[in-house]
Amino acid sequence: MKKVVALLLVFALTASSTSFLPVKANPYMYHESVSAPAFVKPPNITISSPRENAFYSTNGTITLSFNVTGPDAPNLLTKYLSTVDYKGDWMQDAEHAYRTKNFEEYTPDDFPFFLEFNLNITGIPDGKHSIIINSTGGGGYADMNTLAWYNFDVVANKVVSFTIDSTPPKITLIHPQNENYETPNVPSDSTPIVLAASIGSAAVMTAAGLLVYWKKRKREAKVS
C-alpha cells in the first residue's frame, strides 16, 4: 500500500510540473465525404500552347503551356487542387504535372488553388495528335445547423489537337520537262506549267492557269 501511495505522489508531482500544450477542438461533430454538389464549379483548365488544330514542324517537340484553377463556389470553406496529369495519344502512360504531398504532413501551399505549367514535350511522331489534361480538385463546406462537415473531390479535363509535320516541302516540275526544245516546240505563254508540290505527307497537283492568266494580262498591259 505504501508503494502505491508513493507512486501516485510521484505522478502527481510530475504532472504538476509539466506544461501541456492547448488542444483546439474540432467544432464539427459529423464528417462525411460526398459527391461534388451541383453548385460547385469544377476545376478550369486553360491551354495556351499548342494551339488548337495548329501545324508544327519542330522535329517532334512542342511546349505544353496551360494553367488550372481549382473548384469554386461562394460557400466553400476550403478549395484546392490535388492532382494534375497530362497524356498524349502517342504516350503509353500519363505524366504527373502536379501531385500534392502526404495528407498527414502538409502546409497550405501543398493544396494550391491555382497552378501554371510550361512543359517541354519531346518525341512526338509525325501526324495528327491530341493531348488530354486531367485535374482533380476538392473542397469542403459546413452545415452549421447540424455541425456537419462535408468534403468532396471533383475532376475536370480538356483536350487539345495539333499536327506535327517535320518533313520539308518538295517541289517537282512536271511540265515543261528539262530538255532542249526547237523553236516551234518551245512552250508558249499559253502552255500550262504543271507543278507537283509535296508538303509533308500531303500532295497537291496544280495547273498554273493563274500564271498563264497573269502573263497574258501583263502582255496586254504592254500592248496598251
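Side notes on the structure shown:
- Residues within the stretch 139-166 that are in contact (Cβ under 8 Å) with a residue 60 or more places away in the chain and under 30 Å from TRP90 (Cα atoms), tallied: 13
- Residues that are among the polar types (S, T, N, Q), surrounded by 14 or more Cβ atoms within 10 Å (Cβ to Cβ) and over 12 Å from the mean Cα position of the chain (by Cα) within the stretch 59-77 comprise just one, THR69.
- Meets criteria (touching a residue at least 60 places away in the same chain (Cβ under 8 Å) and hydrophobic (A, V, I, L, M, F, W, C)) for LEU81: no
- Filtered residues of the stretch 140-173 (kept if hydrophobic (A, V, I, L, M, F, W, C) and surrounded by 12 or more Cβ atoms within 10 Å (Cβ to Cβ)): ALA142, LEU147, ALA148, TRP149, PHE152, VAL154, VAL155, ALA156, VAL159, VAL160, PHE162, ILE164
Values quoted throughout were computed directly from the atomic coordinates according to the rules given, and no laboratory measurement underlies them. What you see is a predicted model, and the numbers here were worked out from it, not measured in a lab. Here Cβ is always computed from backbone atoms with ideal geometry, including for glycine, and neighbour counts include all displayed protein chains.
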